[in-house]
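To start, the structure under review is shown below, and the notes come after it.
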Amino acid sequence: MVNEISDQNIESMIHDNDEVVIDCYAEWCGPCRMLSPIIEELASENKRVTFCKINIDENEETVSKYEIMSIPTLLFFSHGKLINITIGLKSKEEIKELLKAL
Amino acid sequence: MYDAIVIGAGPAGLTSALYLGRANKKVLVLEAKNYGGQIINAYNIENYPGIKKINGYDFATNLYEQVESLGVDIIYEEVIKITKDKEVMTRNHTWKSKTIIIATGTTNRKLNLEGEDRFLGKGISYCATCDGAFFKGKEVAVCGGGNTALEDALYLTNIASKVYLIHRRDTFRGEDRYLEEIKDKHNIEIIVNTNIIGLEGEQSLKGLILKDQSGKTHHLDVQGLFIAIGQDPQSTLFKDILDMDANGYVQSADCLTKVSGIYVAGDVRSKELRQLTTAISDGSICANMAIKEMGDEVDGK
């Protein structure tokens, strides 16, 4: 399952879970729509990681806090710390590799 | 042994696969990244005959599902070599086929500046409609002189506080109607005869170093740079066995190459007009020729 989060609960999501991946997306973004089923699949295969998504059109605080300037952006957190960022559409294999580092 | 291997799952490649699949051929589509190619970035397609308006992602996904339902094999691996004997190699596999259809498309041309990759998604973008929204109220630059650059500049005037349009020549290749529109906008400044020679910033882009015709350099503060200086064909893999034109596009007449049984479709082919309609046209022509090469009737007859 991928949790839809917002400016309000993003910080608690990051701190209350050991490993978190956040998919920053918008409805109008084609590559984001392409990434989203990949994230769904990864979420069902990796129970140890908490997968979230945040709509950047509705959550400006997150956009400015993480200086997002292109989507899709994936934010990888481990124990509350941002350890990796990817920008642009990635393949499932590429993301799997990055999950290993969490 | 496949009847056909299609390299690239953009509109041209998928159309080939669609025609081949409908003719009950054994088809493999190889794709290095994602299906759909560059069309997935199109917010709206409004010049495809018979469809008034469709989002690029929806178009690509419909086409992909159409192909998938025919039982075509689609594998996400990057092709690293092909031979005249119609062998296709990826890092992990080698496949043999009766025919090959090359539909690898193009990629955004880079300025080749220090930091260009590092600032990608941190101020540098090759797609104004994709990333423009993040530059609300900020100062940005667009680099280029063709229609894409002019369209990008116009699009960004509605978002950014100021748009600099930087072009290395003094005349624009883009259409006059766009230039007229640009001249009416109060927040676009055109800078001609100027090259971008440097990028500045730590975590993200903060400014550009410009060099004008006289050789004088100066600094320009911007938080975004949209690069629209054209496309480059993804054809280097094929240069040993096929002919290329002066710009590196695969030389072809009617989608044929100099190797029998190897065809080329879409943006990677040398041609006049690179559009969705012509990509799809190429894709169907290639499939038709490949099927004939196999000695069979074509679908729809």
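The values are calculated or read from the model by the stated rules, or taken from the named source; none is laboratory data. Note that this is a predicted model, so its numbers are computed, not measured. Neighbour counts are summed over all protein chains in view; Cβ atoms, including those assigned to glycine, are modelled from backbone coordinates with ideal geometry. Ligands, DNA and RNA are stripped out before the accessible areas are found, and what is left, the full protein with its side chains, is counted by its heavy atoms. Shrake-Rupley method; radii C 1.70, N 1.55, O 1.52, S 1.80 Å.
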message = Restricting to segment A:10-24, and then to whatever is closer than 16 Å to A:Ala43 by Cα, more than 12 Å from every other protein chain (Cβ to nearest Cβ) and not β-branched (Val, Ile, Thr), can you tell me which residue is surrounded by the fewest Cβ atoms within 10 Å (Cβ to Cβ)?
response = A:Asp18
inquiry  = Quick check on segment B:198-213: of everything there that is within 14 Å of chain A (Cβ to nearest Cβ) and either at pLDDT below 95 or at positive phi (or both), which residue is least open to solvent (accessible area, probe 1.4 Å)?
reply    = B:Ser204
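Identify, from the list B:Gly261, B:Gly283, B:Gly266, the residue that is on the phi > 0 side of the Ramachandran plot, out of contact with any strand residue (DSSP E or B) (no Cβ under 7 Å at 6 or more places or on another chain) and in contact (Cβ under 8 Å) with a residue 24 or more places away in the chain. So that I can check it myself, show each step before the final result.
Details: B:Gly261 fails: out of contact with any strand residue (DSSP E or B) (no Cβ under 7 Å at 6 or more places or on another chain); B:Gly283 fails: on the phi > 0 side of the Ramachandran plot.
Going through B:Gly261, B:Gly283, B:Gly266 in turn, just one is on the phi > 0 side of the Ramachandran plot, out of contact with any strand residue (DSSP E or B) (no Cβ under 7 Å at 6 or more places or on another chain) and in contact (Cβ under 8 Å) with a residue 24 or more places away in the chain: B:Gly266.
Checking the conditions here, which among B:Leu150, B:Leu165, B:Leu154 is without any contact (Cβ under 8 Å) to a residue 40 or more places away in the chain, assigned to a helix (DSSP H, G or I), surrounded by 21 or more Cβ atoms within 10 Å (Cβ to Cβ) and touching an Asp or Glu at 6+ places or on another chain (Cβ under 9 Å)? If you could, list the steps in order and put the result at the bottom.
Details: B:Leu165 fails: assigned to a helix (DSSP H, G or I); B:Leu154 fails: surrounded by 21 or more Cβ atoms within 10 Å (Cβ to Cβ).
So the residue among B:Leu150, B:Leu165, B:Leu154 that is without any contact (Cβ under 8 Å) to a residue 40 or more places away in the chain, assigned to a helix (DSSP H, G or I), surrounded by 21 or more Cβ atoms within 10 Å (Cβ to Cβ) and touching an Asp or Glu at 6+ places or on another chain (Cβ under 9 Å) is B:Leu150.
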request  = Kindly indicate whether B:Gly13 is more than 14 Å from every other protein chain (Cβ to nearest Cβ) and over 18 Å from the mean Cα position of the chain (by Cα).
outcome  = no
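Given the options B:Val72, B:Val67, name the one that is of a type outside the set (Lys, Arg) and over 22 Å from the mean Cα position of the chain (by Cα). Don't jump to the end; show me each part of the working.
Numbers: B:Val67 fails: over 22 Å from the mean Cα position of the chain (by Cα).
Answer to the selection: B:Val72.
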key: Among (1) crowded, with 18+ Cβ neighbours inside 10 Å; (2) within 14 Å of chain A (Cβ to nearest Cβ); (3) not hydrophobic (A, V, I, L, M, F, W, C), the one test that B:Lys86 misses   = (2)
request  = Starting from residues that are open to solvent by 40 Å² or more (accessible area, probe 1.4 Å) and at pLDDT 95 or above, keep the ones in segment B:90-106 and report whichever is farthest from the other protein chains (Cβ to nearest Cβ).
outcome  = B:Lys98
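If the requirement is being of a type in the set (Gly, Ala, Ser) and either open to solvent by 30 Å² or more (accessible area, probe 1.4 Å) or away from chain A (no Cβ under 14 Å) (or both), which of these qualifies: B:Ala133, B:Ala128?
Values: B:Ala128 fails: either open to solvent by 30 Å² or more (accessible area, probe 1.4 Å) or away from chain A (no Cβ under 14 Å) (or both).
Testing whether each residue is of a type in the set (Gly, Ala, Ser) and either open to solvent by 30 Å² or more (accessible area, probe 1.4 Å) or away from chain A (no Cβ under 14 Å) (or both) leaves just B:Ala133.
If the requirement is being away from chain A (no Cβ under 11 Å), under 18 Å from the mean Cα position of the chain (by Cα), closer than 29 Å to B:Tyr155 by Cβ and among the aromatic types (Phe, Trp, Tyr), which of these qualifies: B:Tyr57, B:Tyr48? Step through it out loud before you land on a result.
Values: B:Tyr57 fails: away from chain A (no Cβ under 11 Å).
The unique qualifying residue is B:Tyr48.
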ask   = Would a scan of segment B:260-280 turn up a residue that is assigned to a loop (DSSP other than H, G, I, E, B), open to solvent by 20 Å² or more (accessible area, probe 1.4 Å) and farther than 28 Å from B:Cys143 by Cβ?
value = yes
ask   = Of the numbered conditions (1) without any contact (Cβ under 8 Å) to a residue 40 or more places away in the chain; (2) farther than 30 Å from B:Cys143 by Cα, B:Ile40 satisfies every one except a single condition; which is it?
value = (2)
